[in-house]
Amino acid sequence: MRFAYPVRVETDCAGFLATFPSIIGAHTAGKTKAEAFKNAADALIVALAAYIKLGEGLPATRPPKRGERIVVVPPRAAAKLALYAGMRAAGLSNVSLGKRLGLSEGAVRRLLDLGHRSHIGQIEAALAVIGKRLIVDVADAA
């Protein structure tokens, strides 16, 4: 799974507006185009965290269209999103995953919390329980 979403940055009456066409509720602004793009990463994380909190499926990614750029989800958050998507696909609740891992439901909830600084080893262990593994990829900066 690759968690990278296209963003569109356009002029607005107060500066620039950044929106994610495929993600409901993901938008932000900035005084400059660069500031709006920088703020877009935070808006993306907040919106994706809302999908998790609401128990919704994560939006699909797609290649950028003309005039769009890509915002890549930070590695720890991407691992948590992959865990969430894997749990949904397997029909696992926080409680059932917690039992398999020997953790409480609250501990699993923190593993899925995009704002919590969970240890990557714990996320990897949870992914392994659902038959997934974490692979890190490095690409040239765009």
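The values are calculated or read from the model by the stated rules, or taken from the named source; none is laboratory data. Nothing here was measured: the structure is a model prediction, and the numbers come from that model. Neighbour counts run over all protein chains shown; Cβ positions are idealised from the backbone, glycine included. Side chains are part of the model used for accessible areas, which takes the heavy atoms of the whole protein and leaves out ligands, DNA and RNA. Shrake-Rupley method; radii C 1.70, N 1.55, O 1.52, S 1.80 Å.
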| message | Being in a loop (DSSP other than H, G, I, E, B) and open to solvent by 50 Å² or more (accessible area, probe 1.4 Å) is the filter here; which residues of region 5-52 pass it? | response | Cys13, Ala14, Pro21, Ile24, Gly25, Lys31, Thr32
| Based on what the data block shows, is Arg2 open to solvent by 50 Å² or more (accessible area, probe 1.4 Å), touching a helix residue (DSSP H, G or I) at 6+ places or on another chain (Cβ under 7 Å) and under 27 Å from Lys132 (Cβ atoms)? | no
| task | Of the numbered conditions (1) open to solvent by 50 Å² or more (accessible area, probe 1.4 Å); (2) in contact with a strand residue (DSSP E or B) (Cβ under 8 Å, 6 or more places away or on another chain); (3) among the hydroxyl-bearing types (Ser, Thr, Tyr), Ser93 fails exactly one; give the number of that condition. | result | (2)
| said: Take Asp113 and tell me if it is open to solvent by 70 Å² or more (accessible area, probe 1.4 Å), touching a strand residue (DSSP E or B) at 6+ places or on another chain (Cβ under 8 Å) and either at negative phi or of a type in the set (Asp, Glu) (or both). | reply: no
| note | Leu134 vs (1) open to solvent by less than 30 Å² (accessible area, probe 1.4 Å); (2) in contact (Cβ under 8 Å) with a residue 24 or more places away in the chain; (3) closer than 20 Å to Ile45 by Cα: all pass except (1)
